[in-house]
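> One structure coming up, written as structure tokens, with questions to follow.
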Amino acid sequence: MTGRFPFVDRPRLWGTALSHYQVEGGDVCDWTEWERAGKTRGEPCGDAVDSWRRYESDADLARAAGANAFRFSVSWSRVEPREGELDEAALARYRALAEHLRRIDLEPCVTLLHYTHPLWFHERTPWTSPASVDRFGRFAARVAEAFQGLVRFWVPLNEPFVFLLGGFLDGQIPPGLSDTRVLRRVFDHLLAAHAAAANAIRERIPEAAVGVAHNMMAFAPERPKKFLDSLLVNIADRCYNRAIVEAFATGRWDFLIPPATRIRGRRDDLPKSLDVFGVNFYSRLHLRCPGVTRFIGDFNYRDASGYGLTDNGWEVVPEAFPALLDEAAAAGFPLVITENGLADEHDRLRPMFLERHAAALARDDVHGYFHWSLLDNYEWLDGYDPKFGLYAVDRNTMARTARPSVETFRRLGASFLR
Ligand code: BGC
């Protein structure tokens, strides 16, 4: 381990997370095309919640909620709208945000790939091609130059596994492929891109701590006595949760994507490319095999734990959090919760959700927590219906209003940071 993380002067981080496309507005990228092609269910992103112009006052809201850290992402399509051409004004905009964060004493945490890509990317250097690695490394280098002296916590990739499945197996998100033959190559290139970005960042910012934000999901057999349901749970846990943990721990991976795609590979520089392991945790899926709708299995949310489902139908299951943190900790890196939250417009469940998940943070290897999200925002395929914000946003006036759980967040933060 490199010892770059936790930061000596700020051993614990308490913050909020958001991503560029979901809040900024007016960003033209592959996702905009996806909306235009009718591949999303909700309203298109449009102006989002106008954070491109309001970032500083949004950051002030995080500060007012007791945060000492702020996770955001940089839009590749804004920074490099045409291959090889940088938009200096976009970089300057992000730099101004990072300066503001420093001014109000929030530790910036920067993500470089949060699902969206520049329009040229999938055509010219798609993730199936090794050129993707070089392009992403170059983008990381430019952003690191812009943030020198300001940002030391970096997350090159948000949820690489979700992106792999959604973009190349289910075809639900851009580039929308459904091709088991490319999975192995894309996985390899994503991990290589992470390592290339880590190198580019550390060359420019030697004190940088590099992480990954890995979505971890709890799985349970729908019918506990059925062998096949339990078997599917094991396979899902191994591939969805553990493959990435093992890849970063050992530089090797070997797992099965059901029903029969074996993904195997090796990258010796991977363990050294990481300083901190980020966990995004939301919910639990109940698996049934064979499925009623899909032969290999059904994946359903159910209110098995009895707290009530979130507005978008997800189970609230804080009891599952500690075991997933143990799985993540097996990689041997310090942990940060890079996302955790729920869609809950009326704040019925959020205060309790925050309390119960915060209870799982009382362990020596957890050094930070970022709540998803600061604001209600654009929720990808579902448009603006799910409300994930500590602050509600009225999209007509763009006014931000604190939900009662801001107080819970502040109180829990004060005790976590003590
Ligand atoms: C993603 C966010 C998303 C959230 C809620 C996470 O997996 O990183 O972009 O808004 O889930 O669905």
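The values are calculated or read from the model by the stated rules, or taken from the named source; none is laboratory data. Since we're looking at a predicted model, the values are computed, not measured. Ideal geometry is used to build each Cβ from the backbone, glycine not excepted, and the neighbour counts take in all protein chains shown.
> Checking Y307 against (1) more than 22 Å from the chain's Cα centre (by Cα); (2) of a type in the set (F, W, Y); (3) assigned to a strand (DSSP E or B), which single condition isn't satisfied?
Every listed condition holds for Y307 apart from (3).
> Could you figure out which of (1) more than 15 Å from the ligand (Cβ to nearest atom); (2) among the aromatic types (F, W, Y); (3) more than 28 Å from P6 (Cβ to Cβ) isn't true of F333?
Every listed condition holds for F333 apart from (3).
> Can you tell me how many residues within region 336-370 are among the aromatic types (F, W, Y) and away from the ligand (no atom under 14 Å from the Cβ)? Walk me through it before giving the result.
Just the residues of region 336-370 that are among the aromatic types (F, W, Y), to begin with: 353, 369-370.
Subset that is away from the ligand (no atom under 14 Å from the Cβ): 369.
Residues that pass the stated criteria total 1.
> Another question, then. Is it the case that H357 is touching a strand residue (DSSP E or B) at 6+ places or on another chain (Cβ under 6 Å), at pLDDT 95 or above, assigned to a helix (DSSP H, G or I) and not aliphatic (A, V, I, L, M)? Full working, then the answer.
Details: touching a strand residue (DSSP E or B) at 6+ places or on another chain (Cβ under 6 Å): yes; at pLDDT 95 or above: yes; assigned to a helix (DSSP H, G or I): yes; not aliphatic (A, V, I, L, M): yes.
When the stated conditions are applied, H357 passes them.
> Could we say that E56 is under 24 Å from F153 (Cβ atoms), among the charged types (D, E, K, R), crowded, with 23+ Cβ neighbours inside 10 Å and at pLDDT 95 or above here?
Values: under 24 Å from F153 (Cβ atoms): yes; among the charged types (D, E, K, R): yes; crowded, with 23+ Cβ neighbours inside 10 Å: no; at pLDDT 95 or above: yes.
Considered against the rule, which asks whether it is under 24 Å from F153 (Cβ atoms), among the charged types (D, E, K, R), crowded, with 23+ Cβ neighbours inside 10 Å and at pLDDT 95 or above, E56 comes out as no.
> In region 381-406, what count of residues is obtained for those that are free of Cβ contacts under 8 Å to residues at least 40 places away in the same chain and either exposed (fewer than 15 other Cβ atoms within 10 Å of the Cβ) or not in a loop (DSSP other than H, G, I, E, B) (or both)?
At the first step, the residues of region 381-406 found to be free of Cβ contacts under 8 Å to residues at least 40 places away in the same chain are 389, 394, 396-397, 399, 401.
Within this subset, residues satisfying the condition of being either exposed (fewer than 15 other Cβ atoms within 10 Å of the Cβ) or not in a loop (DSSP other than H, G, I, E, B) (or both) are 394, 396-397, 399, 401.
Result for region 381-406: 5.
> Taking the criterion of being acidic (D, E), under 21 Å from the mean Cα position of the chain (by Cα) and surrounded by 18 or more Cβ atoms within 10 Å (Cβ to Cβ), would at least one residue in region 16-29 satisfy it? It would help to see each step written out before you state the result.
Just the residues of region 16-29 that are acidic (D, E), to begin with: 24, 27.
Checking which are under 21 Å from the mean Cα position of the chain (by Cα) leaves us with 24, 27.
Then drop every residue that is not surrounded by 18 or more Cβ atoms within 10 Å (Cβ to Cβ), which leaves 24, 27.
Yes, that holds for at least one residue.
> Sticking with this structure for a sec: Do you know which residues across region 282-301 are under 30 Å from T111 (Cβ atoms) and in contact with a helix residue (DSSP H, G or I) (Cβ under 6 Å, 6 or more places away or on another chain)?
Answer for region 282-301, where residues must be under 30 Å from T111 (Cβ atoms) and in contact with a helix residue (DSSP H, G or I) (Cβ under 6 Å, 6 or more places away or on another chain): R284, L287.
> E43 passes all but one of (1) touching a residue at least 60 places away in the same chain (Cβ under 8 Å); (2) surrounded by 14 or more Cβ atoms within 10 Å (Cβ to Cβ); which number fails?
(2)
> I would also like to ask the following. Find the strands (runs of 3 or more DSSP E) located wholly in region 245-296 whose residues include 1 or more that are within 16 Å of the ligand (Cβ to nearest atom) and among the hydrophobic types (A, V, I, L, M, F, W, C), and list them.
Values: elements: 252-257, 261-266, 276-288.
Counting at least 1 such residues, we get 276-288.
> Answer yes or no as to whether R103 is over 28 Å from R181 (Cα atoms), modelled with pLDDT of 95 or more and more than 16 Å from the ligand (Cβ to nearest atom). Can you show your working first?
Working: over 28 Å from R181 (Cα atoms): yes; modelled with pLDDT of 95 or more: yes; more than 16 Å from the ligand (Cβ to nearest atom): yes.
Considered against the rule, which asks whether it is over 28 Å from R181 (Cα atoms), modelled with pLDDT of 95 or more and more than 16 Å from the ligand (Cβ to nearest atom), R103 comes out as yes.
> Could you give me the residue pairs with C-beta distances under 9 Å whose first residue belongs to region 105-126 and is over 21 Å from A198 (Cα atoms) and touching a residue at least 60 places away in the same chain (Cβ under 8 Å), whose second residue is more than 14 Å from the ligand (Cβ to nearest atom) and among the polar types (S, T, N, Q) wherever it lies, and which are 6+ apart or on separate chains?
Taking only residues 6 or more apart or on different chains, the pairs are L106/N68; L119/T32; L119/S77.
> Within region 1-59, which residues are farther than 20 Å from M398 by Cβ, within 15 Å of the ligand (Cβ to nearest atom) and part of a loop (DSSP other than H, G, I, E, B)?
C29, T40, R41
> If we scan region 133-144, do we find a residue that is part of a helix (DSSP H, G or I), more than 23 Å from A195 (Cα to Cα), aliphatic (A, V, I, L, M) and away from the ligand (no atom under 16 Å from the Cβ)?
Just the residues of region 133-144 that are part of a helix (DSSP H, G or I), to begin with: 133-144.
Now drop any that are not more than 23 Å from A195 (Cα to Cα), which leaves none.
Looking for residues that are part of a helix (DSSP H, G or I), more than 23 Å from A195 (Cα to Cα), aliphatic (A, V, I, L, M) and away from the ligand (no atom under 16 Å from the Cβ), one finds none in region 133-144, hence no.
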